[in-house]
Amino acid sequence: MKALLCAAPLLLSPIASPVAAPTASAGPACNVMMSVIDPDPRGTNVRKTPGGDVATRLNASNDDWIEVHVIAQTGDWFEIDRADLVGDDSRTIYRGRGYMHQSVLGADGLVNGEPIRADHDVGSRQILASEDPDQQVHVLACWGDFLKIRVKNGVGWTKTLCLNQRTTCA
């Protein structure tokens, strides 16, 4: 009994529990490719956490460009697991988890004939038709294989964007 009374303050005091490292992203799971559209000649940062320390800097060379595989989204940050240099010298240049801000990722246009839908579902109604494939595309979100985009005539969801920086996808 004495041992229990002596241990009581320890049993009743709050115990700090270790904080587990996150194993999954807070946002929806995604499986999409996007182009790096950052015009900075010094390259584009991939961060360890949203807004955190820089993990690496991605640089394109010559006429090549960079595409990233996006696996999730947290606010304005897209989580990637790979970056590929595309063009004459195609190869993977980064492998690992990292975060890139929404402002540095996008597309070079639309794929001609690819529907823009009301929701992230192939059964969702088409809301924009006959859109100019060479217009500026702003990527707002991702969900599974879909990208939420803003184009000149509105906002909607699509499964395919034009990532080819040498030709149009018309």
*Kindly indicate which of 96, 113 is small (Gly, Ala, Ser), farther than 22 Å from residue 28 by Cβ and surrounded by fewer than 16 Cβ atoms within 10 Å (Cβ to Cβ).*
113
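In segment 98-125, which residues are among the β-branched types (Val, Ile, Thr) and within 22 Å of residue 80 (Cα to Cα)?
So in segment 98-125, the residues among the β-branched types (Val, Ile, Thr) come out as 104, 111, 116, 122.
Across segment 98-125, the qualifying residue is only 104.
How many residues does segment 52-75 contain that are in contact (Cβ under 8 Å) with a residue 40 or more places away in the chain and either over 15 Å from residue 105 (Cα atoms) or exposed (fewer than 14 other Cβ atoms within 10 Å of the Cβ) (or both)? Steps first, answer last, please.
Narrowing segment 52-75 to residues in contact (Cβ under 8 Å) with a residue 40 or more places away in the chain: 52, 55-56, 63, 65, 67, 70-75.
Narrowing the set further to residues that are either over 15 Å from residue 105 (Cα atoms) or exposed (fewer than 14 other Cβ atoms within 10 Å of the Cβ) (or both) leaves 52, 55-56, 63, 75.
The number of residues fulfilling the criteria is 5.
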*What do you reckon, is residue 30 touching a Phe, Trp or Tyr at 6+ places or on another chain (Cβ under 7 Å), of a type outside the set (Ser, Thr, Tyr) and either on the phi < 0 side of the Ramachandran plot or at pLDDT 95 or above (or both)?*
yes
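The values are calculated or read from the model by the stated rules, or taken from the named source; none is laboratory data. Please read all numbers here as calculations on a predicted model, not as lab measurements. Positions of Cβ are generated from backbone atoms using ideal geometry, with glycine treated the same way; all protein chains shown enter the neighbour counts.
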